[in-house]
Amino acid sequence: MVWKIVAVLAVGFLLGADETKKDDKDKDGKKLEGTWIVVSMEHGGKKAPDEAAKGVTLIFAADGKVSVKTPDKEIKGSYKLGAGKKAKEITLEATAEKTLYGIYKIDGDSLTICAVDTSADERPTEFATKDGSEARLVVLKREKK
C-alpha cells in the first residue's frame, strides 16, 4: 500500500515537473518576444570586433518565428525553446542555413545565447567559447521603444 502511495505521488510530482517546465518555457517565450540588439559576439574563444555586431538584430515572434537582420540582409527562420538538464535550450533553424543548437538565459533586458551548428547531442553546456571550439556566444539587449 505504501508503494502505491509513493508511486502516485511520484507520478504526480513528475507530471507537475513537466507542467512547470512547460510553464517556464511559455513564460520565456513571452519574455523573448520582441527585438534584440546584438551587443557582442564570440566564436572559438575569440571576441568578434565591435563592428561585426553593429546593426545586427534578432526579432522573436510569438509564433516561433525569428528574423535575423544585418545591414546587408535578413534571414527568416524559426526557434524552439526547451528545458535542458542544466540550462534552457534553444534551437534556431533557417532555410539554407545550418541549424543552431544552443542554450540561452534571459536576465531582464539581457539575452545570452551560446550555440553550435553540429548536432543536438553536442549542445553547449556553458555560456563560454574556447579556442578551437565551434561554439558561438552572443549577448543581446532588448531594444528600447
At most 16 other Cβ within 10 Å, DSSP loop - trypsin sites (Lys or Arg not before Pro), the range 38-111: LYS54, LYS73, LYS85, LYS86, LYS98
Gain in length, GLU93 to HIS43, computed as 0.36 nm per residue apart minus the alpha-carbon separation, to one decimal in nm? 16.1 nm
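For the range 25-91, which GluC sites (Glu not before Pro) pass both filters: DSSP loop (anything but H, G, I, E, B) and at most 15 other C-beta atoms within 10 Å?
Details: sites: GLU33, GLU42, GLU51, GLU74, GLU89; in loops: GLU33.
Answer by residue number: GLU33.
How do ILE113, ILE37 line up, fewest other C-beta atoms within 10 Å first? If you can, show how the numbers build up before the last one.
Working: ILE113 23, ILE37 16.
Ranking ILE113, ILE37 by Cβ neighbours within 10 Å, fewest first, gives ILE37, ILE113.
Mind listing which GluC sites (Glu not before Pro) in the range 98-145 are in a DSSP loop and have 16 or fewer other Cβ atoms within 10 Å? Please list the in-between numbers first.
On the way: sites: GLU122, GLU126, GLU134, GLU143; in loops: GLU126, GLU134, GLU143.
Listed in order of number, the matching sites are GLU126, GLU134, GLU143.
Of the listed pairs LYS30/LYS98; LYS86/LYS145; LYS69/LYS145, which have alpha-carbon separations greater than 29 Å here?
Details: LYS30/LYS98 25 Å; LYS86/LYS145 33 Å; LYS69/LYS145 18 Å.
In this structure, LYS86/LYS145 exceed 29 Å between Cα atoms.
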With Kirkwood's inverse mean 1/r over C-alpha pairs for Rh, give me the Rg to Rh ratio of the range 59-103, two decimals please. 1.02
Surrounding net charge for LYS130, when Lys and Arg each add one and Asp and Glu each subtract one, Cβ distance under 11 Å: -3
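Throughout, read-outs are computed from the coordinates displayed, never taken from laboratory work. Please read these numbers as outputs of a predicted model, since none were measured by experiment. All Cβ positions, even for glycine, are placed from backbone atoms using ideal geometry, and neighbour counts span all protein chains on display.
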